[in-house]
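For reference, the structure discussed in these notes is given below.
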Amino acid sequence: MDANSRLTLAHEAARTGAELAMSGFRDDFTVESKESELDSVTEFDREVQRRLAGLLRENDGGATIVGEEELPDVDTRTTIPESGDAWIVDPIDGTNNFVVGNHVWGVAVSAVEGGDAVAAVNEFPSLGDTYAAGDDGATRNGEPCSVSDRTNPGTFTINPIFGLSPHHRRKLSEYVDVIAEEFGDSRRFGSSQFALSSVAAGELDAAVSGIRLAPWDTVGGVHLVRQAGGTVTDLDGEPWTPTSSGIIASNGEAHDELVAAFD
Ligand SMILES: O=P(O)(O)OC[C@H]1O[C@](O)(COP(=O)(O)O)[C@@H](O)[C@@H]1O
Ligand SMILES: [Mg+2]
């Protein structure tokens with residue numbers, strides 16, 4: 001399957017998942033906790049992943065699928081294979097928002113070939129925004145988009161991505177302090193893919209994290225930022241990979257200052 005066909009299929013999958021999840025948004029549905037009370041999964045997370053795994057396999061026979069949810073009846077994995085092609089699915093990124101009726105959640109679908117992302121679609125149906133990238137730049141709602149052109153780090157709005165785990169709160173508060181002291185303003189949305197999509201479209205100047213994030217939370221968004229002209233590295237300033245233990249995704253205009261500020 002060529003890169004264009006992968007992007008088309010990623011769009012179809014994200015749209016299918018978004019429509020399915022929207023059908024339950026702000027309605028009654030089952031919510032369970034995974035590793036902690038703050039780590040939620042709903043019947044829609046599972047149903048969207050099930051549906052998308054079926055759709056991707058129908059169109060890309062034998063596809064390897066990396067997905068967030070573990071389903072007894074669907075063959076998916078939680079790590080990206082070192083070689084070969086794979087699809088990466090976050091059926092709902094921002095599940096805690098979805099649960100309380102907040103609009104910031106979306107369906108993330110990306111494709112990797114030999115470990116490199118080649119297509120990504122992040123669709124946020126309740127916001128009405130779809131961010132996408134193949135190998136020819138990034139788009140928001142079908143129109144080309146790019147990272148912000150802000151150059152003064154003192155004016156940067158930055159999203160520290162840390163989730164809700166109690167183990168990460170000290171580091172999160174350190175990052176929030178650094179942003180307040182050395183940069184402009186901070187935002188947190190409860191969706192890593194939303195943060196990265198926002199960097200890709202210039203809605204945020206950077207998104208940073210001092211922890212290792214899951215592939216379904218990052219790979220598509222990282223591809224979007226890079227295709228939108230931004231820079232994505234680990235905390236040492238080396239190109240980010242899915243095994244990096246931190247991330248700095250920015251418009252590239254003051255990336256060295258960001259690398260120097262966060263560890
Ligand atoms: O930017 P924030 O508010 O820390 O939110 C980031 C967190 O949100 C998520 O992307 C939400 O993911 P899920 O809803 O798929 O569990 C986390 O994986 C991530 O750690
Ligand atoms: Mg999810």
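The values are calculated or read from the model by the stated rules, or taken from the named source; none is laboratory data. None of the values given here were measured: they were computed from a predicted structure. A quick note on method: Cβ atoms are made from the backbone with ideal geometry, for glycine too, and the neighbour counts reach across all protein chains shown. With ligands, DNA and RNA removed, areas are computed over all heavy atoms of the protein, side chains included. Shrake-Rupley method; radii C 1.70, N 1.55, O 1.52, S 1.80 Å.
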If r is the Cβ-Cβ distance from V176 to D116 and R0 is 35 Å, what FRET efficiency results, to the nearest 0.05? 0.60
Using a 1.4 Å probe, what is the accessible area per residue for the range 212-263, in Å²? 38
On Cα atoms only, tilt of 43-59 relative to the major axis of the chain in degrees: 70
Two pseudo-spin positions, 7 Å from Cα along C-beta at H168 and at S23, lie apart in nanometres by 3.2
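Ranking request for peptides 125-135, 2-12: highest mean number of other beta-carbon atoms within 10 Å first, then the rest in descending order. List each step's numbers first, then the result.
Working: 125-135: 20.4, 2-12: 18.0.
So the peptides 125-135, 2-12, ranked by packing, come out 125-135, 2-12.
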Taking Cα atoms, how many degrees apart are the long axis of helix 3-22 and the longest axis of the chain, rounded to 10 and kept between 0 and 90? 80
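Classify the range 217-259 as rounded, prolate or oblate from the Cα gyration tensor: take a ≥ b ≥ c as the square roots of its eigenvalues, call it rounded if a/c is under 1.5, otherwise prolate when a/b beats b/c and oblate if not. Walk me through the intermediate numbers first.
On the way: a/c = 2.33, a/b = 1.08, b/c = 2.16.
Since a/c reaches 1.5 but b/c is at least a/b, the shape of the range 217-259 is classed as oblate.
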For the chain, with equal point scatterers placed on the C-alpha atoms only and solvent neglected, what are the log10 I(q)/I(0) values from the Debye formula at q = 0.13, 0.16, 0.17 1/Å, to two decimals? -0.77, -1.18, -1.33
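Roll a 1.4 angstrom probe over the protein heavy atoms and tell me the percent of accessible area of the range 176-263 that is carbon or sulfur. Working shown, then result.
Working: 1300 of 3160 Å².
Roughly 41 percent, rounded to a whole number.
Taking only protein heavy atoms and a 1.4 Å probe, what accessible area per residue, in Å², does the range 95-194 have with all protein chains in place? Write down the numbers at each step before the final one.
Values: 4550 Å² over 100 residues.
Counting only protein heavy atoms, the per-residue value for the range 95-194 is 46 Å².
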Per the rule of 0.36 nm per residue minus the C-alpha distance, extending L38 to D73 adds in nm 10.1 nm
Extent along principal axes [Cα atoms of the range 129-263; Å; largest to smallest]: 39, 31, 27
If you look at just the Cα atoms of the range 184-246, how large are its Rg and its Dmax in Å? 10.7, 29
The distance between the Cα centres of the range 155-206 and the range 107-142, in whole Å, is 21
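Please pull out the direction-averaged projected area of the range 1-108, using the convex hull of its alpha-carbon atoms, in nm² to one decimal place. Provide the component values of the computation, followed by the final result.
Values: hull surface 28.5 nm².
Quarter of the Cα hull surface area: 7.1 nm².
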Per the Debye formula with a single identical scatterer at each Cα and no solvent contribution, what log10 I(q)/I(0) holds for the range 144-193 at q = 0.19, 0.23, 0.31 Å⁻¹? -0.70, -0.90, -1.17
For the chain, longest principal axis from Cα atoms; helix 169-182 axis from its Cα atoms; angle between them, nearest 10 degrees, is 50
Along the range 153-159, Karplus-curve 3J(HN,Hα) (6.51, -1.76, 1.60; θ = phi - 60°) to the nearest Hz, with x for Gly and Pro, reads x, x, 10, 5, 9, 10, 9
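I need the peptides 30-38, 64-72, 154-162, 245-253 ranked by packing, meaning the mean over residues of other C-beta atoms within 10 angstrom, with the highest value on top.
On the way: 30-38: 10.9, 64-72: 18.0, 154-162: 21.6, 245-253: 23.2.
So the peptides 30-38, 64-72, 154-162, 245-253, ranked by packing, come out 245-253, 154-162, 64-72, 30-38.
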Of all the accessible heavy-atom surface of the range 1-97, with the other protein chains kept in place and a 1.4 Å probe, what percent is carbon and sulfur? 40
